[in-house]
Amino acid sequence: MFEINYSKINSYLFCPYLYKFSYIDRKYTQHNPKTSFGLSIHKTLKDFAQKKLDLKRLLFAYEENWCNYGYTSPQQMLEYYDMGIEMLKKFYNAELTNNSKILYSEDIFKVEINDDVVLRGTVDRVDKTADGKIEIVDYKMGFEEKENGYEKNSLQLKIYAYGISKKYSINIDYISYYFLMNQKKIRIEYKPDADLIPFLIDCYKKIQFPVFDRKGRCDICLAKNLCEFSDFKI
Ligand code: SF4
């Protein structure tokens, strides 16, 4: 069966060449400070949820999980590292007053959406709120102040909600983006979207036989220095 996931779809929608680069040619995009930092934080928050860490152990896990690639200088790496310490302290304090219970973290689903296609995803967190509602939570670092964009385009969380609802045969009540930089959460009431599966099948058909008739924004593309079709190499 052909496996699709949010990253594949997002790559293709951004630029067919990026999809080719990552998933046909199987090349890797370069890490930059933000992606490397995001990876360190995600790994640490996975440990927080799965090992029920207190603050001291959370910060120790951060040190253990630190990814030191993608930075342009030791000074820059240190600045990000210190920023992560502050971020995790604020996160921990916010969690002390959070009445939700973490049901699953870094939870993987694989759901067949027709005879040919399986939808796969890894969900940062599934919470049960104090009043018994089920909430899908995706961590964002929050570097960009564009939370409104996330609210309008919640494809990633709709995919996760669909996958988790099928995996556990449960109803999902909320989908949320948790911006770690300022501890702000955007919570959206979730209603199953009848257009989601047709949309995913349409994406599958397109990415199976990609048409290279457009390019994404090379200036913000993670593959800009490696892609042979890039208009923005530095
Ligand atoms: S560098 Fe440009 S052409 Fe290449 S994958 Fe990125 S957006 Fe597409």
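The values are calculated or read from the model by the stated rules, or taken from the named source; none is laboratory data. Nothing here was measured: the structure is a model prediction, and the numbers come from that model. Every residue, glycine among them, receives a Cβ derived from its backbone with ideal geometry; neighbour counts consider all protein chains shown.
Observations, loosely collected:
- When segment 1-60 is filtered for residues that are in contact with a Gly (Cβ under 7 Å, 6 or more places away or on another chain) and assigned to a helix (DSSP H, G or I), the ones remaining, listed by number, are 6, 14, 18, 33, 35, 36, 37, 40, 41.
- For segment 82-103, the count of residues that are in a loop (DSSP other than H, G, I, E, B) and over 27 Å from residue 128 (Cα atoms) is zero.
- If the condition is being part of a loop (DSSP other than H, G, I, E, B) and touching a strand residue (DSSP E or B) at 6+ places or on another chain (Cβ under 6 Å), then segment 181-199 contributes only 190.
- Qualifying residue in segment 167-178 (condition: touching a strand residue (DSSP E or B) at 6+ places or on another chain (Cβ under 8 Å) and in a helix (DSSP H, G or I)): yes
- Complete set of residues in segment 108-133 that are touching a helix residue (DSSP H, G or I) at 6+ places or on another chain (Cβ under 8 Å), without any contact (Cβ under 8 Å) to a residue 60 or more places away in the chain and surrounded by 18 or more Cβ atoms within 10 Å (Cβ to Cβ): 109, 123, 126
- Each residue in segment 17-35 was checked for being within 22 Å of residue 143 (Cβ to Cβ) and of a type outside the set (Ser, Thr, Tyr), and 6 of them qualify.
- Residue check for residue 70: under 16 Å from the mean Cα position of the chain (by Cα) and at positive phi: no
- Taken over segment 81-99, the criterion of being in contact with a Ser or Thr (Cβ under 8 Å, 6 or more places away or on another chain) and at pLDDT 95 or above is satisfied by 84, 88.
- Filter result for residue 64 (within 26 Å of residue 112 (Cβ to Cβ), away from the ligand (no atom under 16 Å from the Cβ), at pLDDT 95 or above and among the acidic types (Asp, Glu)): no
- Answer from 110, 46 - the residue that is more than 16 Å from the ligand (Cβ to nearest atom) and over 18 Å from residue 159 (Cβ atoms): 46
- Number of residues in segment 182-234 that are within 16 Å of the ligand (Cβ to nearest atom) and surrounded by 14 or more Cβ atoms within 10 Å (Cβ to Cβ) equals 14.
- Sub-6 Å Cβ pairs linking a first residue in segment 215-234 that is without any contact (Cβ under 8 Å) to a residue 40 or more places away in the chain and closer than 13 Å to residue 32 by Cα to a second residue that is of a type in the set (S, T, N, Q) and near the ligand (Cβ under 8 Å from one of its atoms), at least 6 apart or interchain, are 224/230, ordered by first then second residue.
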